[in-house]
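Worksheet: one structure, shown below.
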Amino acid sequence: MSRDIAFYMVDILIASDKIRRYTQKFTNPTAFLHSELEWDATIRELEIIGEATNKLLQANILDPQYRMIVDFRNQIVHGYFGIDETIVWEVATLLLNDFIATIQNIVDANHISLQKAIACAKEDHHYNPSTLAFLETL
């Protein structure tokens, strides 16, 4: 693996923060689905989370149970049987929080430094004040 695992963890954290921001104004999956910009942006961030999760699984950082996140990513990328807005809503507004807690626990338990990855992410997202503010909290 050519990229340090901390970078994948920061990718997941950034994507989850974006999803939180994109979904916060909605109260149900139908309204969310009908908001094209937020829906599409959330799907993209879920793809990023799935891809980064796959890298963490390959590095044996995550329990194999998290393979379901990669499988979900594959379903939304390839559109197998369509994308169910209720499932996306549940993932984005409920299930993602538990996964982020797991990532943060792994970082803490293994004393993984995210500082280099955060610094690089700040450079990459220098144009985005919301993401920069989030990175300051990590």
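Bear in mind that the values in this text are calculations on the coordinates, not laboratory data. Small disclaimer: the values here were computed from a predicted structure and weren't measured. For neighbour counting, all protein chains shown are included, and Cβ atoms are generated from backbone atoms with ideal geometry for every residue, glycine included.
The Rg/Rh ratio for the range 18-138 is 0.97, where Rg is the radius of gyration of the alpha carbons and Rh is the Kirkwood radius.
In the chain, the longest principal axis of the Cα atoms and the axis of helix 67-78 are about 50 degrees apart.
Taken along the Cα-to-beta-carbon direction at a fixed 7 Å, the label points for Lys116 and Thr86 span 4.6 nm. The angle separating the long axis of helix 5-23 from the principal Cα axis of greatest extent in the chain is about 30 degrees.
What is the fewest-to-most order of Tyr22, Tyr8, Tyr127, Tyr66 by other Cβ atoms lying within 10 Å of their Cβ? Don't jump to the answer; show the numbers that get you there.
Values: Tyr22 21, Tyr8 24, Tyr127 7, Tyr66 18.
The most exposed by this proxy come first: Tyr127, Tyr66, Tyr22, Tyr8.
For Thr30 and Gln58, the difference between the fully extended length at 0.36 nm per residue and the C-alpha to C-alpha distance is 6.6 nm.
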